[in-house]
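Have a look at the structure below before the remarks.
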Amino acid sequence: MAIITLTTDFGNADGYAGIMKGVILSICPDARLVDLSHAIEPQNVRQAAFVLHTAVPYFPAGTIHLAVVDPGVGSRRRPIAVQTPSGIFVGPDNGIFSFILAEFSSHHNLTAARTMSIVELTRMEYWLPSSSHTFHGRDIFAPVAAHLARGVPLANLGEPIDDPVIFPIPQPEIQPDGRIIAHILHIDRFGNLVTDIQVTGPWASLIGARTIIEIAGKRILGVHQTFADVAVGELVAYVGSSGYLEIGVRHGNAAMTLNLRPGDKIILE
Amino acid sequence: MAIITLTTDFGNADGYAGIMKGVILSICPDARLVDLSHAIEPQNVRQAAFVLHTAVPYFPAGTIHLAVVDPGVGSRRRPIAVQTPSGIFVGPDNGIFSFILAEFSSHHNLTAARTMSIVELTRMEYWLPSSSHTFHGRDIFAPVAAHLARGVPLANLGEPIDDPVIFPIPQPEIQPDGRIIAHILHIDRFGNLVTDIQVTGPWASLIGARTIIEIAGKRILGVHQTFADVAVGELVAYVGSSGYLEIGVRHGNAAMTLNLRPGDKIILE
Amino acid sequence: MAIITLTTDFGNADGYAGIMKGVILSICPDARLVDLSHAIEPQNVRQAAFVLHTAVPYFPAGTIHLAVVDPGVGSRRRPIAVQTPSGIFVGPDNGIFSFILAEFSSHHNLTAARTMSIVELTRMEYWLPSSSHTFHGRDIFAPVAAHLARGVPLANLGEPIDDPVIFPIPQPEIQPDGRIIAHILHIDRFGNLVTDIQVTGPWASLIGARTIIEIAGKRILGVHQTFADVAVGELVAYVGSSGYLEIGVRHGNAAMTLNLRPGDKIILE
């Protein structure tokens with residue numbers, strides 16, 4: 001019983017996500033469907049990429065992840081499917097799978113790269129019979145995901161490619177004076193600011209009781225375990241659930257308090 | 001394994017849609033449940049009717065579509081179920097099934113009409129034991145949908161009727177000077193304006209490279225294939241994924257840019 | 001095929017609810033997952049408690065209800081699971097199960113109390129291998145719910161406790177002059193005001209055609225069956241679908257019209 005997750009910017013009002021589910025269940029009646037998000041900001045490919053990145057490790061390895069944030073629909077951007085040991089990914093070739101593709105790219109790890117296959121979806125017999133120019137989620141990506149769920153091999157769905165779009169994933173930068181410039185990767189619904197400092201990465205040593213963080217003109221001293229370590233209304237730095245350094249406000253909203261957005265900088269000492 | 005879709009204005013906060021699912025699964029534990037929308041504007045029956053209309057063709061023919069946007073709950077409006085070759089529909093008799101009923105009404109097509117059955121839901125043994133005056137979605141419609149999913153025939157659920165409420169579906173009008181007045185049928189979450197000009201209908205010849213569209217004091221020249229055919233921020237006319245002429249703004253929101261609402265007019269030459 | 005419901009304040013954008021589902025399906029692939037709400041106001045434990053309270057009676061008795069509104073995550077608040085004849089509950093010990101716990105507490109009903117078991121979740125072998133300090137929904141509650149769905153007995157999951165957190169559930173108060181002060185328990189998405197007067201409780205005699213309700217400086221005469229009993233735009237008192245006296249505006253929003261919030265008072269004569 002294959003699992004198919006859905007990540008889109010379709011919202012919950014118009015029925016677009018439900019339509020994709022109708023298409024999937026028409027082809028693969030047994031598929032288990034799990035919504036990751038239909039509330040991605042319209043056309044915010046980076047937000048969708050981050051949400052997928054944090055969710056994928058918690059699904060069984062054979063899961064099919066269908067992601068449709070697709071500002072280039074109808075243009076020459078390619079529809080693709082990507083098979084990795086972490087799961088199978090179906091969507092537009094616009095960077096939405098950047099975190100996954102970077103993980104398995106030969107640049108990072110040659111052995112891992114050999115476990116990844118990417119195809120451009122060209123075999124129209126696996127699409128809906130008539131395809132629109134504006135809703136490939138329904139006409140191409142949903143039927144392809146359903147056929148994968150029924151066991152059609154990736155290689156049958158199109159031509160192999162090796163140059164998928166990967167957008168640069170923000171990385172902390174070291175300054176001449178030794179200070180570190182980090183970036184806000186993502187803001188969640190609680191207003192917590194997820195930075196690009198990873199607890200398992202090369203900057204892990206920055207995370208400690210003596211870290212000093214400058215953010216929007218304010219200073220935070222030390223990284224704590226959790227919100228409950230500071231008073232209500234106070235800024236707190238902690239390691240978030242996805243393994244990134246985060247900044248929050250206990251029982252509050254850090255993004256609104258500090259008026260910050262993804263891409264904004266913070267400084268660590 | 002029957003599929004039941006749900007379309008309501010219940011929102012996602014109060015648990016009302018989840019309660020309907022609890023009722024359904026208590027009666028028919030195997031039902032496949034698919035949310036079409038719970039974010040219909042409160043009491044906007046026309047919006048729900050349009051969402052159903054665009055979604056139904058993408059579900060298997062035996063699917064049961066449960067729709068509860070029900071401003072008249074507790075009044076004398078009838079609860080109904082409708083069986084057609086496209087699916088089975090359960091909800092209030094307030095026009096929410098207008099597009100489907102029009103398709104199969106004898107006015108349009110006598111042969112198609114013979115394939116449709118409509119009953120007023122009167123057999124209380126298929127409802128929850130005690131029925132409220134304010135939540136027929138839970139007390140009448142969800143249990144009826146679940147019994148249909150278990151195979152109870154439509155005819156067992158109530159008395160046949162042949163006068164369901166159908167609201168007039170907007171149609172383009174031709175002016176003495178030959179220009180066409182069309183209407184905005186629906187606005188989706190991206191702010192795209194869906195008009196009542198259908199690509200398969202009598203007005204299809206209006207859709208072409210030489211069409212001139214006047215909308216909110218602006219002029220659009222030609223109908224394109226997709227957003228990517230115009231510059232970012234520009235208005236574009238295109239055939240939308242449901243087969244209607246639509247107006248959008250590339251990477252923008254046409255409804256907000258033009259300050260328009262459903263029912264507003266556009267002119268085609 | 002066990003049913004697991006989910007009630008959180010995670011919103012629908014970040015994928016947090018989907019991640020919990022990935023964890024559950026990795027452990028118990030057959031679980032039926034039903035969203036009650038992911039739009040609980042951030043950290044509003046009382047709202048979540050009320051939503052659970054109204055939904056639980058409509059699910060089969062063996063249903064597992066997973067509820068994660070958890071402002072104290074990472075602090076010393078206990079993770080718990082509660083077994084009752086109405087269902088099994090998994091979440092933080094912060095009052096989120098107050099209505100259910102009150103129903104089965106010995107204070108109310110000694111026989112019922114004997115049917116309830118509560119454990120503090122301490123057996124880490126039923127959690128994810130590494131647990132964060134900020135997302136116990138993913139790391140503790142989802143895997144525990146999934147193990148319960150697979151048939152692991154409650155007693156295996158931790159140590160019995162008998163002092164769960166129960167917040168005081170608002171009750172109407174009688175005044176020296178005989179008038180009754182009631183409270184707004186909950187406001188739903190339509191702006192309807194749910195009061196703490198229950199149709200099956202000791203105050204039921206207050207509900208009738210001659211009841212006079214004072215609310216926000218306005219007077220309502222009589223309790224009606226439904227909205228349709230008053231004119232559009234008028235205030236109406238009626239017995240809501242969960243058995244509480246409610247105040248609404250026909251085709252309108254009472255909470256916005258009257259500018260009221262949960263906890264605010266109304267007076268009955």
Worksheet item: Nearest-to-axis residue of chain C, judged by Cβ, for the C-to-B rotation, with distance in whole Å?
Response: C:12, 4
Item to complete: Within the set of other residues whose C-beta is less than 14 Å from the C-beta of residue B:114, count the net charge using Lys and Arg as +1 and Asp and Glu as -1.
Response: -2
Worksheet item: So what is the relative contact order for chain B, in percent, with contacts set as C-alpha pairs under 8 Å and at least six apart?
Response: 15
Practice prompt. Sort C:116, C:1 from largest to smallest accessible area, using a 1.4 Å probe on the heavy atoms of the protein chains.
Written response: C:1, C:116
Worksheet item: For the Cα atoms of chain B, what angle does the longest principal axis make with the long axis of helix B:45-55, in degrees from 0 to 90, nearest 10?
Response: 80
Worksheet item: Taking only C-alpha pairs under 8 Å that are 6+ residues apart, what is the relative contact order of the range B:115-197 in percent?
Response: 25
Discussion item. Around residue B:125, under 14 Å between beta carbons, what's the net of Lys plus Arg minus Asp minus Glu among the other residues?
Written reply: +1
Worksheet, complete the sentence: In deg cm²/dmol, rounded to the nearest 500, the helical mean residue ellipticity at 222 nm of chain B, built from -39500 (n - 2.57) for every DSSP H run of length 4 or more, is -4500 deg cm²/dmol
Item to complete: Grab the Cα-Cα distance for residue C:167 and residue C:229, subtract it from 0.36 nm times how many residues apart they are, and report the gain in nm with one decimal.
Response: 18.7 nm
Discussion item. Keeping all protein chains in the complex and leaving out DNA, RNA and ligands, what accessible area do you get for residue B:218 with a 1.4 Å probe, in Å² to the nearest 10?
Written reply: 100
Item to complete: Please give the solvent-accessible surface of residue A:56 in Å², to the nearest 10, using a probe radius of 1.4 Å with every protein chain present.
Response: 10
Discussion item. Leaving out ligands and nucleic acids, and using a 1.4 Å probe, what accessible area per residue does the protein assembly as shown come to in Å²?
Written reply: 40
Fill in: Area buried, chain C against chain A - accessible surface, total, 1.4 angstrom probe, square angstrom
2500
Worksheet item: With the solvent-accessible surface defined on protein heavy atoms using a 1.4 Å probe, which residues belonging to the range A:169-210 display a reduction of at least 40 Å² in accessible area in the multichain context relative to the isolated chain?
Response: A:189, A:190
Worksheet item: Looking at the range C:4-26, which residues lose a minimum of 40 Å² of accessible area between their chain alone and all protein chains in place, measuring with a 1.4 Å probe and not counting ligands or nucleic acids?
Response: C:12, C:13, C:14, C:16, C:18, C:19, C:25
Worksheet item: How crowded by other chains is B:229-239, given as the mean number of beta carbons from other chains within 10 Å of each beta carbon?
Response: 1
Discussion item. Please list, in order, the residues from the range A:131-162 whose amide nitrogen is less than 12 Å from a point placed 7 Å along the Cα→Cβ vector of residue A:30.
Written reply: A:149-151
Practice prompt. Provide a whole-number value for the mean count of partner chain Cβ atoms within 10 Å of the Cβ atoms in peptide A:46-59.
Written response: 4
Item to complete: Would you check the accessible area of residue A:103, probe 1.4 Å, heavy atoms only, in square angstrom rounded to 10?
Response: 100
Practice prompt. Please compute the net charge surrounding residue B:227, taking Lys and Arg as +1 and Asp and Glu as -1 over other residues with Cβ under 11 Å from its Cβ.
Written response: -3
Discussion item. Could you work out what % of the accessible surface of chain B is carbon and sulfur, using a 1.4 angstrom probe and leaving DNA, RNA and ligands out of the count?
Written reply: 51
Worksheet item: Which of the residues in the range C:109-154 lose at least 40 Å² of accessible area when you go from the chain alone to all protein chains together (probe 1.4 Å)?
Response: C:133, C:134, C:138
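The values are calculated or read from the model by the stated rules, or taken from the named source; none is laboratory data. Given the structure is predicted, the values throughout are model-derived calculations rather than measurements. In this analysis, Cβ positions are derived from the backbone assuming ideal geometry, glycine residues included, and neighbour counts consider all displayed protein chains. Side chains included, ligands, DNA and RNA excluded: accessible areas come from the protein's heavy atoms. Shrake-Rupley method; radii C 1.70, N 1.55, O 1.52, S 1.80 Å.
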